[in-house]
Each structure stands twice: as C-alpha cells, then as structure tokens.
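The values are calculated or read from the model by the stated rules, or taken from the named source; none is laboratory data. Everything numeric here is computed off the predicted structure, so don't read it as measured data. Using ideal geometry, Cβ is built from the backbone for each residue, glycine included, and neighbour counts are taken over all protein chains shown.
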Amino acid sequence: MLPDLPFDPSHMLIGGAWVPPGETLTLSNPSTDTPLCQIAKASVADVDTAVHAAEAARDGVWGQETALERGRLLTRLGQLVLEHVDILTTLEALDVGKPVTQARADAVALARYCEFYGGAADKIHGATIPYMDGYTVYTLREPHGVTGHIVPWNYPMQIIGRSVGAALAMGNACVLKPAEDACLTALFFAWLAQKAGLPDGALNVVPGLGREAGAALAVHPGIQHLSFTGSVATGSAVQIAAGANVVPVTLELGGKSPQIVFEDADLDAALPFLVNAGLQNAGQTCSASSRILVHRSRLAEVAERMAEAYRAKRIGAAMEDPDIGPLINARQRSRVEAFFDKAKDLPLIAECVAPDGPGHFVAARLYGPALPGHALAQDEIFGPVQVIIPFDSEDEALKIANGTEYGLVASVWTEKGARQMRLAKALRSGQVFINNYGAGGGVELPFGGVGKSGHGREKGFEALYGFSTLKTVAARHG
Ligand code: TXE
C-alpha cells in the first residue's frame, strides 16, 4: 500500500500550485500488478500552462536569483532528500518494482546530485579572451531559460537529479514530464523543492502519456533546451520535434555495453561486476553490461563462475529486497521474452528462475558462447539477460566491442597497463572503465553516449555547460 503523501499524487505541480488534471491514469505496482493510485494524464493544454509558468519564473524571482542562492537552495534540497530517504525508497520500490536496497541507493544519489550541483552553482563562469588592442572581450555563461525534461521509469530519481539538478543550478526554469509508469518520486521531489524554498514555477511536473504530454513538451516553442532519456525511437522523434524550434537536445538512449575480460584478468575482482552490471534493476539500466567478451582461454572459467552467481540470485517482490525485482510492466516482459525466443539457437549457460506472477517477473538468463552478430549480442534487451562472446586477440575484442550501433559504457579487465591505455583510447564509448564497471556511478563523472546511445553529456560539471549557453561580449574602448 502507498504511504500517506503530503500532496495528492493525482495532481500536477504547475506554477507552485498542485493542480487537478482533467483525466487520470492508473499507476500500478510491478511486483503485484495491482493499482497503486491515480496520476495525472496531463493534456497538451496542461503542458502549455506549465511552460508558461516556467517562463514566468524565468522572467521573475527565479531568474533574478544569484548563483550563490541557487546553490544554497539545492544544498537545502539535498538535505531534505536525505531526511526523506525512507519514503522515497518505499515509493520507488512500489512504483518501479526496484528492490529496496537499490531504490535506497537511488534516493541517496538524488541527494548527492543536489549537493554536487548546489556546490557547483557559483563555481561556473565565463572567461576573458585576449583580443585586439582597444578591446576587452569576455564570455558570460547564462541559462537557456526554460528547459524540458522527459524522464523514463527505470531510474527516475537519478535521472531527475542529474538533469533537473544541473538545470536549476544554472538558473533554468524546468518542466518535468516523468514516465507514465513511474512518477511518484518525481512528485515527491518537487514537493521537497517547494519546502526548500524553490520559487513558484521554477520546477513544474506534468505526469502523463509520452505521446500526448511528452510530445507536447518536445514541440513547445517556449522550451529552450530538452533533456531526454529513453528509447532510440522516441529520442529520435523528440529530436525531430525539437528541431522545428531549433532547440538543443541532450539524448541518453541506452546501449549494449561490453565488459572485456582478457587472459590476465583478475576474475575474483571482476566477477561481481560482470554479473551485477547486467542484473541490477533487472537489467533495465541504460548502462547495463549485456555483453561479456571473454578471451577464449578463460571462457569455461568465466561461464562457470557467472553461472554459479546466477544460480545464487533471488528474484522477487521489490519490498522483500531480492537481488532482482520484476520488470516495469507486461509490455517490457513480453519484449524480454521475445529475446528468449530469438535465443533458441544459443546454449543457455545458467538461469535464475522467476516466481510466477501476477508481478512482471522474468527469469535472469546467461547465454553463450554467441557470435557477435547474434540479435542477443546486438540489440538492447532491457532485461536480466547477458551473453558471453569469445575472442582470441585484442584486435578482435576491440572490433566486437565497437561492433554495435551503441556506445555508452565499456570496461576492460586486464593487468597490462599499455593495453588498458590502448583500449581506453580506441573504444567507441562515452565512458570507459579499467578493472571496474561504473566506478560507483559517481555524480561527478560526465555521462552520455556516442552513436545510437545519444549525444550530449549529463553529470559532473559537464552538465552545467549543457544546461547553459555562452555569450561573448566584446567592448571597444580605444
Ligand atoms: O521508452 P520511451 P519505453 C528503452 C528500453 C526499453 C524501450 C522502451 O530498451 O525497452 O526503451 O521503453 C516519453 N514524445 N529505454 O517505451 O517511449 C515517455 O512518456 C515525447 C531505455 O518506456 O522512450 C517516457 O517519459 N516523449 C532507457 C520517456 O519518453 C515521449 C530508459 C521514455 O519512454 C514520447 C527507458 C513522445 N512521442 C527505456 N513517447 C534508458 N536510456 O535508460 C514516449 N515518451
């Protein structure tokens, strides 16, 4: 059951007011497939009102706020998030089906984003540029104005932290469209932001359908920057829609991220990363490591040890804090099961059996050896499924690793320093990890992809450049 909330979860937050929508949608619990509550089905008109509220904030109190005060506000918000970690954890576990420990880590990460961007708000600035005699030239880093944030259901808190957190730090006013499958922590975060003293309209939240509210936000002429995380198809549609208004878009679209295990890899160190980077959040992670490339000399050993780890995993309801929770909805389960059909020609190395429904549970499966061109080795599955691909040489490993349409994250397990350096340079990927995977997901580390994994960078200081624009001022004084 849903805990008592200090706001009505069927309402939208627009211009500082909790507003009832014309229509609602039912939010359900993926662990039980039972309804949780009603949420807003924001209309095109609601999105328009939210954008105007953000414009009013941009042109009003929020737009006048100093960087120091924006930083203080975000720091206060981070503290409030920490004080409400328990309820945020419960909401995420119920809404996303995310095991409690993983949901808690996301809540703590949300606080960390607020702290980081709170601290960074007054430390980003322009430069002076040496120029011709008689001129003083400098640059000003300014907010875009009103930013749109279209967020998926797999990591709502982390994605809101990295995009809305950075956008607010730079002084933008935000319109956030959370996913129709999971929006409770977005609403709770907005309520905390009000408590922290965020001026009305600086953050507006309009839950609703992607094809209605999301599409309306993407095409709205009042939006000056869009940040989107989700599927390639929708990301591409959002970019095309934003193109009509010549609006910059940051796209984070997932991947097929490899871990490369060389003949000299420390397997004791690698094993937890090899497995957990694929199974965390039931594999519904943009940076999930779904391809394990293994030097043929270690193939049997890696397969055996990963299989052992798979068999020790437990799948269950999120509130029972299993290793693996349910998938978000029946559609996602069907998607994953369709990959099981495509894998009929592959050896199944290990399986962690899923409990029967009504929750959207699916077995965790490890397949291999597979050829690099197999559908399981090429397509994003977004479920608890990994595939082992053997290789014989460094060149071959690199070719396989770079041989998909994606390029989000890659990791290399080897003790050889020169090889680490060669691969870090040659891998086509937004992030490369050496003898680890993810480095704990630090908020400080710029994140984003190449190829169909998207473009633009979020997290770290880099995000602040993305959520701002640069003005050059040239003063002629003789
Ligand atoms: O994604 P969508 P879905 C991938 C993953 C998954 C697949 C489908 O492979 O299996 O996408 O998931 C909003 N205009 N990822 O259908 O449609 C929608 O409301 C504007 C990868 O959930 O991309 C939600 O808020 N917005 C991923 C958000 O877009 C629209 C995370 C994502 O939904 C819209 C999630 C439209 N026309 C899925 N249509 C990652 N990179 O982490 C939908 N939306």
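List of remarks:
- The set of residues from the stretch 22-44 being assigned to a loop (DSSP other than H, G, I, E, B) and either touching a His at 6+ places or on another chain (Cβ under 6 Å) or over 19 Å from residue 177 (Cβ atoms) (or both) comprises 30, 31, 32, 33.
- Extreme residue, farthest from the ligand (Cβ to nearest atom), among residues of the stretch 377-386 that are within 12 Å of residue 283 (Cβ to Cβ) and in contact with a strand residue (DSSP E or B) (Cβ under 7 Å, 6 or more places away or on another chain): 386
- For the stretch 172-193, filtered to residues that are out of contact with any Gly (no Cβ under 7 Å at 6 or more places or on another chain) and away from the ligand (no atom under 16 Å from the Cβ), the residue that is farthest from residue 69 (Cα to Cα) is 188.
- Restricted to the stretch 245-276, and to residues there that are within 14 Å of the ligand (Cβ to nearest atom) and closer than 29 Å to residue 333 by Cβ, the residue that is surrounded by the most Cβ atoms within 10 Å (Cβ to Cβ) is 257.
- Some residue of the stretch 35-46 being out of contact with any Leu (no Cβ under 8 Å at 6 or more places or on another chain) and free of Cβ contacts under 8 Å to residues at least 12 places away in the same chain: yes
- Residue match in the stretch 281-296 (condition: surrounded by fewer than 18 Cβ atoms within 10 Å (Cβ to Cβ), among the charged types (D, E, K, R) and not assigned by TED's automatic domain parsing to the domain that holds residue 36): yes
- Applying the set (1) over 28 Å from residue 327 (Cβ atoms); (2) touching a strand residue (DSSP E or B) at 6+ places or on another chain (Cβ under 6 Å); (3) surrounded by 23 or more Cβ atoms within 10 Å (Cβ to Cβ); (4) not charged (D, E, K, R) to residue 94 leaves exactly one unmet item: (1).
- Just one of the listed residues (289, 297) is away from the ligand (no atom under 11 Å from the Cβ) and more than 21 Å from residue 352 (Cα to Cα), namely 297.
- Residues of the stretch 52-84 classified as within 23 Å of the chain's Cα centre (by Cα) and of a type in the set (A, V, I, L, M, F, W, C), total: 5
- Of note, residue 354 satisfies the criterion of being without any contact (Cβ under 8 Å) to a residue 60 or more places away in the chain and more than 25 Å from the chain's Cα centre (by Cα).
- Hey, residue 422 within 23 Å of the chain's Cα centre (by Cα), surrounded by fewer than 20 Cβ atoms within 10 Å (Cβ to Cβ) and more than 16 Å from the ligand (Cβ to nearest atom) or not: no
- Residue within the stretch 132-149 that is buried (at least 24 other Cβ atoms within 10 Å of the Cβ) and within 14 Å of the ligand (Cβ to nearest atom) present: yes
- Some residue of the stretch 213-221 being within 30 Å of residue 369 (Cβ to Cβ) and near the ligand (Cβ under 9 Å from one of its atoms): no
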